[in-house]
1. With a 10 Å Cβ neighbour count serving as the proxy for reagent exposure, in which order, fewest first, do LEU100, LEU52 appear?
2. What number in nm² do you get for region 147-231 if you take the convex hull of its Cα atoms and divide its surface by four?
3. On average, how much area does the Cα convex hull of region 49-166 cover when viewed from any direction, in nm²?
4. In square nanometres, what is one fourth of the surface area of the convex hull spanned by the alpha carbons of region 2-258?
5. Which order results if VAL120, VAL28, VAL214 are arranged by neighbouring Cβ count within 10 Å, fewest first?
6. Could you check the spin-label model distance between ALA177 and ALA228? Points 7 Å from the Cα along Cα→Cβ, value in nm.
7. Could you compute the FRET efficiency for GLN185 and THR116, with r as their C-beta to C-beta distance and R0 at 30 Å, rounded to 0.05?
8. Can you list residues from other chains, or at least 5 along the same chain, whose modelled amide H is less than 5 Å from the amide H of ALA78?
Amino acid sequence: MKRLTLTLIALAVSLSTFAWGRLGHEIVIAVAQRHLTEKAKANIAKYIDYDLKKDAVWMDTHRRDKEIAYTTHYHVLACDKNLRYDPNYRLEMGDLVLALRTAEYNLGEGNYRNMTDSAVVFNIRMLIHFMGDMHCPVHAHVDGVKTIWKCRLNGKEWERFHPIYDKIPMMLYGKDADPDSIAAQIDNLKAKAIKKVTKGDLYRAANEAIKGSVAIYDINPYGTYNLADDTVERSRPIIDRQLRDAGYRLAAKLNEYFNH
């Protein structure tokens, strides 16, 4: 009963916050756009003829719309004690991997050509948003519970640890930062290294994203009340990498689906 109660609390908390915020999601998309093929760009533009960054948080702002309320549960994923992706905690609700696999099924192998325009747009929105969410550190839950403790950072009281890392792109880069400029700064891998990042299926991507996410707890262990004053700056390499790799993986999937 205690385990179930904690799991429900963690779920309620996760639904009250948006991974990465608008800026973080826009940075992920901006990185991806730097690596899209011309053919993929052209095919995507047949359905979304504006900058994809405009839909960066569409899945957040519409998550409770009646027609797609089921996606409310898709914004997190769970991992086991060995920090491997584990769908079993969320079988009834679904998770980030289910969301991305759904988009893959609907868009992949040219399937998008057999769908209505609105269905294609919706699946693109799922893909661009949930690939970003999968790389947000506090959206990877160990044993269903991870990020709900009260803490203090630089004199400010936080009711939960979770929102700190939802908002950390803005803390690092500034609320008025240009996502394209940030993308240009963090897009620093050569082609061979990018290929290594994007290798494999969505399950491998989930495991690699989890591995990157849990690095934040090397800075501040679980349950720490007084967070280190330099938590935000010490998190910069982790956040840069997670946003960058999310962008690379997003580009790889968009190219895979829309090069047909």
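Read-outs: derived from the displayed coordinates by stated rules, not from any lab. This structure is a prediction, so every number in the text was calculated from the model and none was measured. All Cβ positions, glycine included, derive from the backbone under ideal geometry; neighbour counts span all protein chains shown.
1. The order, fewest Cβ neighbours first, is LEU52, LEU100.
2. One quarter of the hull surface, i.e. the mean projection, equals 7.1 nm².
3. Hull-based average projected area comes out at 9.5 nm².
4. Computing the convex hull of the Cα atoms and averaging its projections yields 13.5 nm².
5. So the ranking, lowest neighbour count to highest, is VAL214, VAL120, VAL28.
6. 1.9
7. 0.20
8. Those lying under 5 Å, H to H, from ALA78 are ASP86, HIS141.
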